[in-house]
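Undergrad: Submitted below is the structure of interest, expressed as structure tokens.
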Amino acid sequence: MKKWTGMLAQQRESAAAFLRWGVIACAAGLLIGGAGTLFYDSVKRAAAFRAVHPWLIWLLPAGGLLTVFLYRKSGVEKPRGTNLVLLSIRSGEELPFRMAPLIFVCTTVTQLFGGSAGREGAALQLGGSLGYQMGKCLRLDEKDEHIMVMCGMSAAFSALFGTPLTAAVFAMEVTSVGVMYYAALVPCVFASLLASRVALYFGAAPLTFPLSAVPQAGLADMARVTALAVLCAGVSILFCVVNERAEKEYRRYIHNQYIRIAVGGALVAVFALIVGSQDYLGAEGGVLRRAMTGVTRPEAFALKTLFTGLTLGAGYKGGEIVPALFVGATFGNTFGALLGLSPSFGAAVGLTAVFCGVTNCPITSFILALELFGMDGAAFYLIAAAVSYMLSGYFGLYSKQRVLYSKTKAEFIGRTDQ
């Protein structure tokens, strides 16, 4: 009798938690999804305006000075960005409300003046900060506040990219390598799905890419995809190292934040002039789309890596993931063709593998590929994610991402940095 009484009590507790989190997650999906949609529209308009007025790249140093000024005026001397969000999930680190408007405005500034950065890092920070504040307003305990941070991350990411399944899983997988925070599953799923509907309602287009010439799952094609994923693991390491080293070298030689970011902006502008193209500025989704149709330059992945390092290392705000998608797609397009894959399909495999390598999130990478490219080729995307995950080592975009379990053995290692 005691057994059944205990089971019934446990079920009542689960039902109550489901109802509570269902309501909270829906509220988060509406509110944070709305904020994410507004952010989507802001950066889209900024990028479109710069495309019409390419001379704005020469004002990038001024935009950098504004970014440093705003952060300092807000009392943030050493912004930690997405790393602070990851820390807040594990350790209860506070996420100040001012983080949300700061990252919103400063990422828009980066896009307006042509800094080579994405927007998903801003989405994670925006959503995490707003989710944390919702948790405070609802007087949730510390553990539930952590779930609210993940819930907010999912909602903002989903609104921005239109990939709700990816957004839900990414927030649970990215914090600690080898561990999924399943307690956040219902809140993240509900918030992510509702946020994507909010974004669609207001006209935000989801990110999708039609592919051509997806091969059958034969052994020869599996071998080609495996070989490309091996190469992409190396590219993901290169991308992470360049971004990390760029920041360290900037700080080593230029101690003043204002001078550092102005010099970085000037370098980006000068390199764009030397290259003779604005393809490597901003998020540049046009190049990404062209890579999916089989048209790209063989050096595009290396140039995007360089431009992103120069931009983010100097202190401009934005994200690393969209540039990583650019790098993966353009690399896969070129080298996939050399291995005998169609350039379009090679770009899809490269995008999946490099995304996995820089985030250490294989499940998210696989789901992202399905949402972007469809079910055709699912087995290949799984191979790409698995191979890149194992061979990319313990490098990653986020220094505060905690590596709990080994990638090669079933053992706990508990590493906290790369």
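The values are calculated or read from the model by the stated rules, or taken from the named source; none is laboratory data. These numbers were taken from a predicted model, which means no experiment stands behind them. We place every Cβ from the backbone using ideal geometry, glycine too, and count neighbours over all the protein chains shown.
Undergrad: Looking only at residues that are closer than 17 Å to Leu312 by Cβ and either at pLDDT below 75 or of a type in the set (Ser, Thr, Tyr) (or both) in segment 76-108, which one is nearest to the chain's Cα centre (by Cα)?
TA: Applying the filter and picking the extreme gives Thr82.
Undergrad: Assess whether Leu211 counts as being more than 30 Å from Cys26 (Cβ to Cβ) and not assigned by TED's automatic domain parsing to the domain that holds Ser388.
TA: Considered against the rule, which asks whether it is more than 30 Å from Cys26 (Cβ to Cβ) and not assigned by TED's automatic domain parsing to the domain that holds Ser388, Leu211 comes out as yes.
Undergrad: Take residues that are more than 26 Å from Leu56 (Cβ to Cβ) and of a type outside the set (D, E, K, R) and tell me which of the helices (runs of 4 or more DSSP H) falling wholly in segment 66-140 contain 2 or more.
TA: 82-91, 120-137
Undergrad: Also: Give the residues of segment 375-406 that are within 16 Å of Asn83 (Cβ to Cβ) and in contact with a strand residue (DSSP E or B) (Cβ under 7 Å, 6 or more places away or on another chain), sorted by residue number.
TA: Within segment 375-406, Tyr394, Gln401, Arg402, Val403 meet the criteria.
Undergrad: For segment 97-112, check the following and say yes or no: at least one residue is surrounded by fewer than 24 Cβ atoms within 10 Å (Cβ to Cβ), within 16 Å of Tyr398 (Cβ to Cβ) and touching a residue at least 24 places away in the same chain (Cβ under 8 Å).
TA: No - not one qualifying residue is present in segment 97-112.
Undergrad: Okay, moving on. Do you know which of the residues in segment 316-357 that are crowded, with 24+ Cβ neighbours inside 10 Å and of a type in the set (S, T, N, Q) is farthest from Arg297 (Cα to Cα)?
TA: My answer is Thr352.
Undergrad: Restricting attention to segment 157-202, report how many residues are in contact (Cβ under 8 Å) with a residue 60 or more places away in the chain, out of contact with any helix residue (DSSP H, G or I) (no Cβ under 6 Å at 6 or more places or on another chain) and surrounded by fewer than 20 Cβ atoms within 10 Å (Cβ to Cβ).
TA: 3
Undergrad: Which ones in segment 121-160 are touching an Asp or Glu at 6+ places or on another chain (Cβ under 7 Å) and within 21 Å of Leu397 (Cα to Cα)?
TA: Scanning segment 121-160 gives Gly121, Phe157, Leu160.
Undergrad: Return a yes/no flag: does segment 218-241 have any residue that is over 30 Å from Ala378 (Cα atoms) and touching a residue at least 24 places away in the same chain (Cβ under 8 Å).
TA: Within segment 218-241, not a single residue is over 30 Å from Ala378 (Cα atoms) and touching a residue at least 24 places away in the same chain (Cβ under 8 Å).
Undergrad: Scan (1) among the small types (Gly, Ala, Ser); (2) farther than 16 Å from Val242 by Cβ; (3) surrounded by fewer than 24 Cβ atoms within 10 Å (Cβ to Cβ) for the single condition Gly313 breaks and write down its number.
TA: Here Gly313 meets the rest and fails (2).
Undergrad: Shifting gears a bit: Does Val179 satisfy being at pLDDT 95 or above and not polar (S, T, N, Q)?
TA: no
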